[in-house]
Amino acid sequence: MTQDERLGDLTVAGFLERLGSDAPTPGGGAAGAIAGATGAALIAMVGRLTVDKAGFEDVAERMRTLVERADAARAGFLDLADRDAHAFDGVMAAFKMPKGTVVEKAARSASIQAGYVQAASVPLEIARAAVGLMELAEDATAAGNPQAASDGLSAAVLLHAAALCAIANVEINAASLKDEGIRVGLLDDVGVLREGAERNLRESERAFHHRLGRSV
C-alpha cells in the first residue's frame, strides 16, 4: 500500500481482492481492524433501531450515547487498519539497510528491532479498542431493541475476532524482539486483553440468551 491509500475507500470486493493478493499488506492486523469497524457499525445499528422507538423511552438517551461512541469507534478502527497496513514498513526498510561494517550492522539491527516494536504497537491498539468496545456490544444486546439482539451479539463476536487477530500480530512481532523487558511487557498486555475478550464475549452471549428468555 502507498502512504496515501485508505482501506476504507475501497469497496468490500476491492478490499478482499487486496487482502487475498501476494502483497505483504494489508494482512491479519488490518483485517482485524476492519472486523472491529464492522462490529462498531452493528452496535450503532442496534442503537438507531432503539432510539425514538415506542417502548424504549427509558433507554433513549443511553442509546444515543451508544451510537455516538460506536460511530467514533468505527472511524477509529478504519484509521487503525490503515496504520497497521503501514506498521511493518519500518521492519522491511530496516532489512534493506547496509550491513558491510560493524557500525552498519549495529545500526541495521537497532532499526529492525525498533521496527518490530512499532509493528507490535498498532495491533496492540486494535486489540485494546476491540476489547473496550465489546462492553458496548453487550449493552446494545442487553438494553437495545430485542429484535436486534442478534446484531448486538454479532458485534461482540466480530470485536472478539478483531481482538484475537490483533493479539496474534502483536505476538508474532514480539517474538522477534531481543529486549526481554519489552517482549514480556507486550505479552503480558495481550494476555490481559485476551482474558477480557473472552469475558466480554461471554457477557454478550449471556445477554443474548436472556433476551430470548433462556437461562445460561
(Q) Based on this model, can you work out whether Ala110 counts as open to solvent by less than 30 Å² (accessible area, probe 1.4 Å) and either free of Cβ contacts under 8 Å to residues at least 12 places away in the same chain or part of a helix (DSSP H, G or I) (or both)? (A) no
Q) Across the stretch 74-107, what is the number of residues that are crowded, with 17+ Cβ neighbours inside 10 Å and closer than 30 Å to Leu42 by Cβ? A) 13
Q) Given (1) open to solvent by less than 30 Å² (accessible area, probe 1.4 Å); (2) touching a Ser or Thr at 6+ places or on another chain (Cβ under 9 Å); (3) within 13 Å of Leu201 (Cα to Cα), where does Val131 come up short, assuming only one miss? A) (2)
Q.
Tally up the residues in the stretch 139-152 that are buried (at least 24 other Cβ atoms within 10 Å of the Cβ) and in a helix (DSSP H, G or I), please.
A. 3
Q) Residues in the stretch 11-55 that are surrounded by 15 or more Cβ atoms within 10 Å (Cβ to Cβ) and in contact with a helix residue (DSSP H, G or I) (Cβ under 7 Å, 6 or more places away or on another chain): how many? A) 28
Q | All positions within the stretch 164-216 that are touching a helix residue (DSSP H, G or I) at 6+ places or on another chain (Cβ under 8 Å), β-branched (Val, Ile, Thr) and either open to solvent by 60 Å² or more (accessible area, probe 1.4 Å) or over 27 Å from Ser150 (Cα atoms) (or both) | A | Val170, Ile182, Val190, Val216
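The values are calculated or read from the model by the stated rules, or taken from the named source; none is laboratory data. The shown structure was predicted, so the numbers you read here are calculated from the model rather than taken from an experiment. A quick note on method: Cβ atoms are made from the backbone with ideal geometry, for glycine too, and the neighbour counts reach across all protein chains shown. Ligands, DNA and RNA are stripped out before the accessible areas are found, and what is left, the full protein with its side chains, is counted by its heavy atoms. Shrake-Rupley method; radii C 1.70, N 1.55, O 1.52, S 1.80 Å.
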